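Encoded as structure tokens, the structure appears first; notes follow it.
The values are calculated or read from the model by the stated rules, or taken from the named source; none is laboratory data. Remember, it's a predicted structure, so these values are computed and weren't measured experimentally. Backbone-built Cβ (ideal geometry, glycine too); neighbour counts: all protein chains shown. Just so you know, the surface numbers come from the protein's heavy atoms only, side chains and all, with ligands and any DNA or RNA stripped out. Shrake-Rupley method; radii C 1.70, N 1.55, O 1.52, S 1.80 Å.
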Amino acid sequence: LKQEYFLCAATLHDVVRRFKHSKFGTKEVARTDFSHMPDKVAIQLNDTHPALAIPELMRILVDEEGLDWAEAWDVTVKCCAYTNHTILPEALERWPVSMLESILPRHLEIIYFINHLHMEVVSQKYAGDFEKMRQLSCIEEDGEKRVNMAHLAIIGSHAVNGVAAIHSDLIKKTLFKPFYELWPHKFQNKTNGITPRRWLLLCNPLLADVISDKIGDDWPIHLDQLQQLKKWADDEAFQREVMKVKQDNKNRLAGMLSESTGIDINPNSLFDIQVKRIHEYKRQLLNILHVITLYNRIKMNPGAPFVPRTVMIGGKAAPGYYMAKQIIKLFNMVGEVVNNDP
């Protein structure tokens, strides 16, 4: 919570400073009308982790810049938008009210007032429907009182999106269904993608050079041009070039691993790599069960024609995610057995 607030506070301090000062590096205030801020500033809440940006921006606008609540709220909602990345409840942050009260008491006051005004809007539409009010509140009253940060992000944003069509559809039908029924205009889809400039030109420049030699240099901004490679698919010389790039990259990775960890791997083996946050839905456990299965097959029939394989699994677990930490422990225990079996 402290880390999240530190990053939100530092970012918003800089955002407001840059909005007020039109010339880079100057301390002269050029803008004082915050109603124009949404024309210059877009704050994308990338999952719930920066959701504290909503009460923090309200604090800055009301406490420091002297705006009245209604104007500050209008600016905040127009500036903020929320991207949801998962529908799994354990991945959605719910901070205990007691913790917020201790660390960020003013922000808790602001969150309470945001929720109070929000509940007034909800009660106008669903008069007397206490279950609907419970579902739409950002304060959870069951057991220990908590702040539902995903709900706060939706309430304080003008747009909410998933990261794939099926995902965006699911959040409307399941996770945030009450909010979709209240504000259908807020919900949209933004399909995740990658940029070839980063993931090919920067990460794999040798392969990018091979491609450019065949189809020219315009493909990074016109990706459809990659279809031109189809005519080279059966060209043995081109196949050798691509395989040489792959092998050179594997040799470099093997060298880096040897230098940084002291572990020597076979660069001619099949590299089976999974690197991402450790989570049950990402199926790392299935991956390690596959490793155990392959190991048992080799033990049962050592003479069988197996493809040499090097399995690399990387990632981190959230501090309170017990099962993810157990999965990491299993990775290491299996690695200990496999790597020390001649």
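Which of the residues belonging to region 172-205 are among the aliphatic types (A, V, I, L, M), surrounded by 13 or more Cβ atoms within 10 Å (Cβ to Cβ) and either out of contact with any helix residue (DSSP H, G or I) (no Cβ under 7 Å at 6 or more places or on another chain) or modelled with pLDDT under 95 (or both)? Don't jump to the end; show me each part of the working.
Just the residues of region 172-205 that are among the aliphatic types (A, V, I, L, M), to begin with: 175, 182, 194, 200-202.
Add one more test, that the residue is surrounded by 13 or more Cβ atoms within 10 Å (Cβ to Cβ), and what stays is 175, 182, 200-201.
Within region 172-205, Leu175, Leu200, Leu201 qualify.
What pairs can you find where one residue is in region 36-54 and at positive phi, the other is open to solvent by less than 10 Å² (accessible area, probe 1.4 Å), and their Cβ atoms are less than 8 Å apart, with a gap of 6+ or different chains?
If the second residue must be open to solvent by less than 10 Å² (accessible area, probe 1.4 Å), the pairs left are Asp47/Asn84.
Take the residues in region 142-159 that are out of contact with any Asp or Glu (no Cβ under 9 Å at 6 or more places or on another chain) and of a type in the set (A, V, I, L, M); name whichever of them is nearest to Pro96 (Cα to Cα). Spell out the reasoning first.
Start the filter on region 142-159 by keeping residues that are out of contact with any Asp or Glu (no Cβ under 9 Å at 6 or more places or on another chain), which leaves 142-145, 152, 154-159.
Still in the running and of a type in the set (A, V, I, L, M): 152, 154-155, 159.
Working: Leu152: 14, Ile154: 19, Ile155: 19, Ala159: 26 Å.
It comes out as Leu152.
Could you give every pair whose Cβ atoms fall below 8 Å, whose first residue belongs to region 139-162 and is over 14 Å from Arg94 (Cα atoms), and whose second residue is open to solvent by 70 Å² or more (accessible area, probe 1.4 Å) and in a loop (DSSP other than H, G, I, E, B), counting only separations of at least 6 or pairs across chains?
Asn161/Lys190; Gly162/Lys190
If you take the residues of region 41-88 that are open to solvent by 20 Å² or more (accessible area, probe 1.4 Å) and at pLDDT below 95, which of them is nearest to His116 (Cα to Cα)?
Among residues in region 41-88 that are open to solvent by 20 Å² or more (accessible area, probe 1.4 Å) and at pLDDT below 95, the one nearest to His116 (Cα to Cα) is His49.
Filter region 249-284 down to the residues that are surrounded by 15 or more Cβ atoms within 10 Å (Cβ to Cβ), in a helix (DSSP H, G or I) and not charged (D, E, K, R) and list them by number.
Correct list: Asn249, Leu253, Ala254, Leu257, Gln284.
From Asp234, Asp218, Asp169, grab the single residue that is open to solvent by 80 Å² or more (accessible area, probe 1.4 Å) and farther than 30 Å from Asp272 by Cβ.
Asp218
Among the residues of region 300-324, write down those that are without any contact (Cβ under 8 Å) to a residue 40 or more places away in the chain and open to solvent by 90 Å² or more (accessible area, probe 1.4 Å).
Matches in region 300-324: Met300, Pro302, Pro305, Val307, Lys316, Pro319, Tyr322.
Search region 222-247 for residues that are closer than 23 Å to Leu270 by Cβ and aromatic (Phe, Trp, Tyr) and pair each with any residue that is in a helix (DSSP H, G or I) and open to solvent by 50 Å² or more (accessible area, probe 1.4 Å) when their beta-carbon atoms are under 6 Å apart and the residues are at least 6 apart or on different chains.
Final answer for the pair search is Phe238/Trp232.
Tell me whether region 232-255 contains one or more residues that are in contact with a Lys or Arg (Cβ under 6 Å, 6 or more places away or on another chain) and closer than 26 Å to Arg309 by Cα. First the steps, then the outcome.
Step one: filter region 232-255 for residues in contact with a Lys or Arg (Cβ under 6 Å, 6 or more places away or on another chain), giving 232.
Narrowing further to those that are closer than 26 Å to Arg309 by Cα: none.
There is no residue in region 232-255 that is in contact with a Lys or Arg (Cβ under 6 Å, 6 or more places away or on another chain) and closer than 26 Å to Arg309 by Cα.
Take Asn296 and tell me if it is open to solvent by 80 Å² or more (accessible area, probe 1.4 Å), over 29 Å from Gln3 (Cβ atoms) and more than 31 Å from the chain's Cα centre (by Cα). Outline the logic, then answer.
Working: open to solvent by 80 Å² or more (accessible area, probe 1.4 Å): no; over 29 Å from Gln3 (Cβ atoms): yes; more than 31 Å from the chain's Cα centre (by Cα): yes.
Answer is no for this residue.
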